[in-house]
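Enquirer: Take this structure, written in structure tokens, and hold onto it; I'll ask about it next.
The values are calculated or read from the model by the stated rules, or taken from the named source; none is laboratory data. Being a predicted model, the structure only gives us computed values, none of them experimental. When we count neighbours, we look across all protein chains shown, and the Cβ atoms used for this are built from the backbone with ideal geometry, even at glycine. In case anyone asks, the SASA skips ligands and DNA or RNA and just uses the protein heavy atoms, side chains included. Shrake-Rupley method; radii C 1.70, N 1.55, O 1.52, S 1.80 Å.
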Amino acid sequence: MVSGGCGSSRGRRSSRRCRARCREPGASQIRWYQAEIMPGLFQTGGCIRTVLTAGQTKIDEDELNQQIALRKARANILDQPDPPQLNVILSESALRRNVGGPEVMRAQLRYLAEVAERRNIELQVLPLDAPTYAIASFGFTLLRFDHDAASDVVYLEDYTDASYLDRLDAVRSYSTLWDRLSAAALGPVESRKLILRLADQQDSEDPGRQG
């Protein structure tokens, strides 16, 4: 979470991101396309630590641990009594990006394969050579409430801002894009096999595991 006062642009941006995450537990369905990085709900502690400290010359350890705990707490919606249906499309590049080294990536990929087996989670991987990959360089989230398509909203987040779109034309456009990405992505079974294969490859890249 970005720190900053509510009156600052950073504070307003943080507030919008917080509102989006606070709405996640109340959603009946979350459709999430993520390009380049691992989805926040699925990040392990090692991955979170690497992301938060990237490019930082100095960071307070207590504050870092607090931010890690907050991000991990966000994933509690996966364990709530009536969790949302979570449909995730993840670009293959996010699986291949080396975040934190082989040990961190191995644990991250295996955890991803583990959560993909949950009954309320459908995970697909969009291959690098997929025909729609060129138009899928940004992530987006579609939130649905009370199982009602009329309640759909789009959540967008980038480096400098975050926003909601609830205009009918915008929601339709992103829903259509989601359908195209889902059709081009690997199925859940094939996706999980790819994730586990990439996790195994981390062993050969880890000097500590080489004989």
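Enquirer: Using DSSP to define loop residues, name the chymotrypsin sites (Phe, Trp or Tyr not before Pro) in the stretch 90-161 whose beta-carbon has at most 11 other beta-carbon atoms within 10 Å.
Expert: Values: sites: 111, 133, 138, 140, 145, 155, 159; in loops: 138, 159.
Passing both the DSSP loop test and the Cβ count: 159.
Enquirer: Give the shape of the stretch 33-126 as rounded, prolate or oblate, defined through the alpha-carbon gyration tensor: a ≥ b ≥ c are the square roots of its eigenvalues, a/c under 1.5 means rounded, and otherwise the shape is prolate if a/b is larger than b/c and oblate if not. Mind showing how you got there, number by number?
Expert: Working: a/c = 2.25, a/b = 1.35, b/c = 1.67.
Here the stretch 33-126 falls in the oblate category.
Enquirer: Can I ask one more? With only alpha-carbon atoms counted, please give the Rg and Dmax of the stretch 97-211, in Å.
Expert: In order Rg, Dmax, the Cα atoms of the stretch 97-211 give 17.3, 58 Å.
Enquirer: What ranking of 103, 157 comes out by heavy-atom accessible area, probe 1.4 Å, highest first? Display every interim value, and only then the final one.
Expert: Working: 103 130, 157 80 Å².
Result of the area sort, largest leading: 103, 157.
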